[in-house]
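Take a look at the structure below.
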């Protein structure tokens, strides 16, 4: 199964376009909306994960989105932290909406589920010892 994460940036005059609908219906793509900020007459952003059995179907769908005047940015960021400096306090887990970061028993060490991480950066700001970063 081919999969990618993308940020779609809608200009203010394009936020009412049913782009996600067309990705599902016309291109047979499975989408998961991970994060959205869309308001009328303002720039909108949508972080989505797209899946299909064929990478070509995803590429065709993304080309369609671009043709609608929506910017497409592939998300290839990865969360990293300095394991030796990390105090495993759990502050980052409190702000992790997708629950990608968690403390795992029995030693209560910080663990990352990369499949769930949206690279939003909230954990970077929450870390009191500043050992978390997002690499591009």
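Quick look at the numbers
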read-out: Filter result (part of a strand (DSSP E or B) and surrounded by 17 or more Cβ atoms within 10 Å (Cβ to Cβ)) within region 5-38; value: 5, 6, 7, 8, 10, 31, 34
read-out: Failed criterion for residue 18 (all others in (1) touching a strand residue (DSSP E or B) at 6+ places or on another chain (Cβ under 6 Å); (2) without any contact (Cβ under 8 Å) to a residue 60 or more places away in the chain hold); value: (1)
read-out: Residue 70 at pLDDT 95 or above and surrounded by 12 or more Cβ atoms within 10 Å (Cβ to Cβ); value: yes
read-out: Residue identified as over 22 Å from residue 16 (Cβ atoms), under 18 Å from the mean Cα position of the chain (by Cα) and in the same structural domain as residue 13 (by TED's automatic domain parsing) among 52, 32; value: 52
read-out: Hey, residue 90 at pLDDT 95 or above and out of contact with any helix residue (DSSP H, G or I) (no Cβ under 7 Å at 6 or more places or on another chain) or not; value: yes
read-out: Breaking point among (1) farther than 27 Å from residue 9 by Cβ; (2) surrounded by 12 or more Cβ atoms within 10 Å (Cβ to Cβ), for residue 107; value: (2)
read-out: Unmet requirement for residue 60, which otherwise passes all of (1) out of contact with any strand residue (DSSP E or B) (no Cβ under 8 Å at 6 or more places or on another chain); (2) within 22 Å of residue 96 (Cα to Cα); value: (2)
read-out: Single unsatisfied condition, residue 129 versus (1) out of contact with any strand residue (DSSP E or B) (no Cβ under 9 Å at 6 or more places or on another chain); (2) closer than 25 Å to residue 15 by Cβ; (3) in contact (Cβ under 8 Å) with a residue 40 or more places away in the chain; value: (2)
read-out: So residue 75, is it within 22 Å of residue 10 (Cβ to Cβ), in contact (Cβ under 8 Å) with a residue 12 or more places away in the chain and within 20 Å of the chain's Cα centre (by Cα); value: yes
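Residue-by-condition table, conditions (1) under 18 Å from the mean Cα position of the chain (by Cα); (2) within 24 Å of residue 3 (Cα to Cα); (3) surrounded by fewer than 11 Cβ atoms within 10 Å (Cβ to Cβ):
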| site | (1), (2), (3) |
| --- | --- |
| 81 | no, no, no |
| 86 | no, no, no |
| 92 | yes, no, no |
| 97 | yes, yes, no |
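The values are calculated or read from the model by the stated rules, or taken from the named source; none is laboratory data. It should be emphasised that the depicted structure is a prediction, and the values quoted were computed from it without experimental measurement. Every residue, glycine as well, gets a Cβ built from its backbone with ideal geometry; the counts of neighbours run over all protein chains shown.
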